[in-house]
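Here the structure comes first, spelled out in C-alpha cells, and everything after it is commentary.
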Amino acid sequence: MTPVYKLSANSVKNGRTVYGSMLAGNTAYELPTAFESIATVSVGSGGAANVEFTSIPSTYTHLQIRLIARESASVTNDYIYSQFNGDTASNYATHQLSGDGSSAGAGAFTSIAQNYLQRITGANTSSSIFGTMIIDILDYANTNKYKTIRQLGGFDANGSGLIYFVSGLWQNTNAITSIKITPGQGNYVQYSHFALYGIRSA
C-alpha cells in the first residue's frame, strides 16, 4: 500500500529551525531548507553607529542579509554602505537602477572604499517609515573569484518613496568572514533590524 505523507509544523532540531517534516506512516523525514539563520541584530534605544557580522562560517554557498532600517540624521533618505573583512581601500564598485513612481534613474561608482547599498529613511521622513532591503552575497567563500552582491530594496513615504536595484563588486578573492553595514550619516535608530542567513546549495 502506498504510504500517506503529510507535513508537520515548524520545529527546532539540532539547534536549527526545521520548516517541516514529512511523515510516511510512523517514519519522519526532515525536509531540506535552503536558508539557515546565522545572526540577527536589533538596534536598541541608544541607536547604533553601524552593524557588523563577524566570524561568518564558510560552510554555505551564498549569504543573504534582510534588513529594515532608519537613520537619525536630518535627511529625507540616505545611502547606507557595506564593507567586507575590514577592507577600507578602493576595491569596491556599484551599479544601480532606481525609480520613484514617476521617473527612473541609474548610476555607477567605481574604485570606491565601500559598496553603496540603497537608501533608507532619515529623521525628515515620518517616524513610522523605515527602508527595507534584501542583499545577496554570492559565492562569498570562493577564493578563486571576486565577490559580487545583488540587492533590492526601497521605502514608501506615503506614495513618494523609492525603489532600488543594485549590483556590487568587491575586488578581492578572500573568503568573506565579516560584513560591516554603516549609515551614511548619524546612527541607526531603535527598531532597525538586521538578519544574516546562510544559503546552502541544492
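Take the Cα of Glu52, step 7 Å toward its Cβ, do the same at Ala89, and the gap between the two points is 1.9 nm.
Exposure proxy for Phe53, Phe155: other Cβ atoms within 10 Å of each Cβ, ordered fewest to most, give Phe53, Phe155.
Compute the length gained on full extension between Ala175 and Tyr146: take 0.36 nm times their separation in residues and subtract their Cα-Cα distance, giving the result in nm to one decimal.
Gain on stretching Ala175 to Tyr146: 9.5 nm.
Calculated FRET efficiency, Ser111 to Ser72, Cβ-Cβ distance, R0 = 45 Å: about 0.95 to the nearest 0.05.
Values in this text are rule-based calculations from the coordinates and carry no lab data. As the structure is a computational prediction, the values presented were derived from the model and not from experiment. For neighbour counting, all protein chains shown are included, and Cβ atoms are generated from backbone atoms with ideal geometry for every residue, glycine included.
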